[in-house]
Structures are given as structure tokens and as C-alpha cells.
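Here's the structure we're looking at; comments come further down.
The values are calculated or read from the model by the stated rules, or taken from the named source; none is laboratory data. Computed from a prediction, not measured in an experiment: that's the story for all the values here. Cβ: placed from backbone, ideal geometry, glycine included. Neighbour counts: every protein chain shown. What goes into the accessible areas is simple: the full protein's heavy atoms, side chains included, and nothing from ligands, DNA or RNA. Shrake-Rupley method; radii C 1.70, N 1.55, O 1.52, S 1.80 Å.
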Amino acid sequence: MPPKQLRPGTPVTLFDVHAFLESAGVSRRIIRFARDAVVFRQGATANSVFYVQDGGVKLSVLSSAGKEAVVAMLGPGDFFGEGCLAGQPLRMATVTAVVPTTVLRIPKREMIRTLHEQPDFSNRFIEHMLVRNIRIEEDLVDQLFNSSEKRLARTLLLLARYGKEDTPQRTLPKLSQETLAEMVGTTRSRVNFFMNKFRKLGLIEYNGGLKINSSLLSVVLHD
């Protein structure tokens, strides 16, 4: 029986992608990681692509001098490890689960075959890559021109997936201030200062997790 084709123009939601992989008979492995578990390390062989089904991961890079920087935070619906598709032999970053996380591991050869044979899946993947590129450009502009306070506010909104219609999440799992400092490019003491400020202003709340209120957007928009 041939793989199921999605109807042209059908939005590919988080559930649709998982269901498509299931119905198309794509060879993949479901792997669950505990918080702080390493999915793969910088320098490891790049031979597969991953899809976040549930939870979240951080991508970090270690310099030759031993300095670590967090370059991205990814959540449900995101792919990572796609560099192998462009001939990248080794992983350029370390990926670590920031909360209990479930991912789908798709071998490189299987991913390439699926992209060639299944246009709907290919379109979803291309959309993901374009969004990722835009995000990287925005992050660079943010680092160059915005204050650490604005960068922290924008990071929190992105982590809460603010503005994504299919992800109304506004509460974050517990993240260390050290991790936030690495992402923002500032010190832990500065992050602590601004987090206390945001809390006093009612922009964020602590209640078993970190709740991000939409009013935090005012910090990003304020000149």
C-alpha cells in the first residue's frame, strides 16, 4: 500500500507531521531523554535528523578556549541535526534536553528518500528551515543592537512560543538563570536583576513554573 499523501494546501501541524511519518512508513526511532540528558555531542558523527515531538532541547557550542554558548532553544515541531543532509560529517553543536523530551530519530538516508518522494513533508521541512534562518538573523540583530534587558524579554517570549497559533503555551519549565545568561549573552547577576524586575511589574509569574505574560512584549517594543 503506497504511503498516504496529505492533501495539497493542508496545513502541516505538529500532529500531522508525526502522523505522516507513521502513515508513510518512514523508518525512525522514538527516543526519550531525561532532563539534562545529552542527545548528541559536538564532534559526534552526523548521520541522522531529529524531530522534537515533546519537550525541549538546547543547542550549545564549545569554543577551542572552552567557552560555551547556547545558540538555540527548540521545542515541539522543530527539527535539528539537519546539517548531515548537506554533507556535514560531524555535529557542530551539542544538543541537551532541558526538560523530559521525546524525539524522533530519522536516519540520514531515510530522511533524504522521504524528502525526495513526499512533497508535503518536504514543504514542511523547507518551511522549518526558512523560519530557522529568519530566527538566526533576528537573534544576530538582537545581540548587536538591543540591551540585555530587551534580549532577555525576547528570549523568554520565544521560549514560551509567543505568537504561535498552534502552541498557546505561556508557562515555561524551570530553567536555570545560568542557561538564560548564556542565551542572552550576559551575566547571571544581570539576569537575576531583570527577572526580579519583570516579576515585580507583573510581566512574569512564578507558580510551579515560569509563566510569561503577553505584557512582557512591551519591554521588547519600548524604545
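Brief remarks follow.
- Cα gyration tensor shape of segment 55-106, rounded if a/c is under 1.5, else prolate or oblate by comparing a/b with b/c: oblate
- Dividing the summed -39500 (n - 2.57) terms of all DSSP H runs of n ≥ 4 by the residue count of the chain sets its mean residue ellipticity at 222 nm at -12000 deg cm²/dmol.
- Percent of Cα-Cα distances greater than 30 Å, calculated over the chain: 27 percent
- Using a Förster distance of 45 Å, the FRET efficiency for A44-F193 (Cβ separation, nearest 0.05): 0.75
- Residues considered: H116, H18, H128. Largest GNM mean-square fluctuation over the chain, using C-alpha springs under 10 Å, is found at H116.
- Computed 3J(HN,Hα) for segment 192-207, one whole-Hz value per residue from the Karplus formula 6.51 cos²θ - 1.76 cosθ + 1.60 where θ = phi - 60°, is 4, 4, 6, 5, 5, 5, 4, 5, 5, 7, x, 7, 9, 9, 10, 7, glycine and proline marked x.
- Rounded to the nearest 0.05, the FRET efficiency derived from the C-beta distance between L201 and S176 at R0 = 25 Å is 0.70.
- The mean accessible area for residues of the chain, using a 1.4 Å probe and ignoring ligands and nucleic acids, is 56 Å² per residue.
- Each Lys or Arg adds one and each Asp or Glu takes one away; over the other residues whose Cβ falls under 11 Å from the Cβ of Q53, this sums to +1.
- Per-residue ³J(HN,Hα) for segment 106-116, Karplus 6.51 cos²θ - 1.76 cosθ + 1.60, θ = phi - 60°, Hz, x for Gly and Pro: 10, x, 3, 4, 5, 5, 4, 4, 5, 4, 6
- Karplus-derived HN-Hα couplings along segment 20-27 (A = 6.51, B = -1.76, C = 1.60, θ = phi - 60°), whole Hz, x at Gly and Pro: 5, 4, 5, 6, 7, x, 6, 5
- Number of Lys pairs (Cα under 19 Å; 8 or more positions apart or on different chains) in the chain: 11
- Between the amide H of L210 and those of L172, distances stay under 5 Å, these residues lying 5 or more places away or on another chain, with hydrogens modeled in the peptide plane.
- Rolling a 1.4 angstrom probe over the chain with all protein chains present gives an accessible area of which 55% lies on carbon and sulfur atoms.
- Max mean-square fluctuation residue, GNM over the chain, Cα-Cα springs under 10 Å, options T187, T96, T171: T187
- With a Förster radius of 35 Å applied to the C-beta separation of I112 and L62, the computed FRET efficiency comes to 0.75.
- Note on segment 207-222 and segment 30-69: Cα centroid distance 27 Å, given to the nearest whole angstrom.
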